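Report on the structure given below.
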Amino acid sequence: MESKHLYTSDQKIQWFGYGEWVEEPDEVNFEHLGFKCLVWRVVALEYSGYAFGGHLCGYMQIPIDHPWYGKTYDDIDCECHGRLTYSDFGLRGERDGYCIGFDCGHIGDVTPSIDKLMGDRVTQESNEYVQNYAAHRLKYFHPTYKNIPYAIGETKSLAEQAFKAVLNGMD
């Protein structure tokens, strides 16, 4: 397993506020049951200096002879956090085979940039809409941060399901 910090602690604090994400790695590459896997922190920098994301995503590469190869994520029968949300050739602009994946940026998840932005707006602007959204989200969804061990576990589970699909000849 290879871990990398792509961003400094200061950058992550500036963009997302302080949380578990500040000290954890931003990328983890590993193999599980012969599948190449990646857990990666999403960060999209805007012109204004605002950074969207901070949450993790999990991906795995699908070999050309696998029954899931080339299928859209809606056509793959598997379970993972929030369901599959990605299927395409390559990741992050790299053409490295067919990949599928999921993200940990759903309404029940802490997405660091959104939580920081809501906190900033609630304290600075007293924006009624933002306050109501934040209160509703906390009351009904109890968002939690999905950390590196969680995302690795979900990615391994995805690889295990892909392995079983080959063993069972399922599609």
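The values are calculated or read from the model by the stated rules, or taken from the named source; none is laboratory data. In this text the structure is predicted, and so the values were computed from the model without any measurement. Positions of Cβ are backbone-derived with ideal geometry, glycine not excepted, and every protein chain shown enters the neighbour counts.
Of everything listed in (1) crowded, with 19+ Cβ neighbours inside 10 Å; (2) over 22 Å from G19 (Cα atoms); (3) modelled with pLDDT under 85, the single unmet condition for D115 is (2).
For beta carbons closer than 6 Å, sequence separation of 6+ or different chains, a first residue in the stretch 73-93 that is over 14 Å from L38 (Cα atoms) and a second that is surrounded by 13 or more Cβ atoms within 10 Å (Cβ to Cβ) and of a type in the set (D, E, K, R), the qualifying pairs are C80/E154; H81/E154; T85/D103.
Number of residues in the stretch 2-60 that are out of contact with any helix residue (DSSP H, G or I) (no Cβ under 8 Å at 6 or more places or on another chain), in contact (Cβ under 8 Å) with a residue 60 or more places away in the chain and not in a strand (DSSP E or B): the value is 1. Screening the candidates G58, G34, G82, G97 for the property of being buried (at least 17 other Cβ atoms within 10 Å of the Cβ) and either more than 16 Å from the chain's Cα centre (by Cα) or of a type outside the set (F, W, Y) (or both) yields one hit, G58.
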